[in-house]
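The values are calculated or read from the model by the stated rules, or taken from the named source; none is laboratory data. Not measured: the values here are computed from a predicted model. Here Cβ is always computed from backbone atoms with ideal geometry, including for glycine, and neighbour counts include all displayed protein chains. Ligands, DNA and RNA are excluded from the accessible area calculation, which covers all protein heavy atoms including side chains. Shrake-Rupley method; radii C 1.70, N 1.55, O 1.52, S 1.80 Å.
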Amino acid sequence: MPKGKPNKRYTGEFKQMVIETMHREKLSHKEVERQFEITSHSCVPNWERIYLTEGAEGLYEERRGRSSKGRPTQMPKKVEEDLLAEVQRLRAENAYLKKLKALVLEEERQSRRRK
């Protein structure tokens, strides 16, 4: 059984209309919340921040849950190419050393048999 009231979700069009009305009519956050019956006090400031930094299209993105604090999702192309080249070089070096070790061991076995 669900507890409490589910969170209300607003469409991108609604968010854009709220922010543009706020800017056009020079309303405060509280006035806009009252006018559009928005119960959360943090929604409008968050929407305004997104609108000012990313533009209107930023309001249409679904932003739920915690954001990732891990490694960046996209690396610069040059860095990625350099890392891939290094991995290939290290793999080739590793294969060469394995073959060299096998040759050295084979020579030691043959020299023991000769004695």
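The set of residues in the stretch 65-105 that are surrounded by 10 or more Cβ atoms within 10 Å (Cβ to Cβ) and closer than 30 Å to Arg9 by Cβ is empty.
Please name all residue pairs, on different chains or six or more residues apart, with Cβ atoms under 6 Å, provided the first residue is in the stretch 1-19 and is under 12 Å from Ser40 (Cβ atoms) and the second residue is modelled with pLDDT of 95 or more and surrounded by 10 or more Cβ atoms within 10 Å (Cβ to Cβ). From residues that are under 12 Å from Ser40 (Cβ atoms), there are no pairs. Residue pairs whose Cβ atoms lie under 7 Å apart, separated by 6 or more positions or on different chains, with the first residue in the stretch 37-52 and polar (S, T, N, Q) and the second assigned to a loop (DSSP other than H, G, I, E, B), do not occur.
For the stretch 33-51, the condition of being charged (D, E, K, R), out of contact with any helix residue (DSSP H, G or I) (no Cβ under 8 Å at 6 or more places or on another chain) and assigned to a helix (DSSP H, G or I) holds for at least one residue. Comparison of Glu20, Glu33 shows that the only residue that is surrounded by 12 or more Cβ atoms within 10 Å (Cβ to Cβ), more than 26 Å from Pro6 (Cα to Cα) and at pLDDT 90 or above is Glu20.
Somewhere in the stretch 57-64, is a residue open to solvent by less than 100 Å² (accessible area, probe 1.4 Å), under 30 Å from Asn7 (Cα atoms) and outside any loop (DSSP other than H, G, I, E, B)? Scanning the stretch 57-64, I find at least one residue that is open to solvent by less than 100 Å² (accessible area, probe 1.4 Å), under 30 Å from Asn7 (Cα atoms) and outside any loop (DSSP other than H, G, I, E, B), so the answer is yes.
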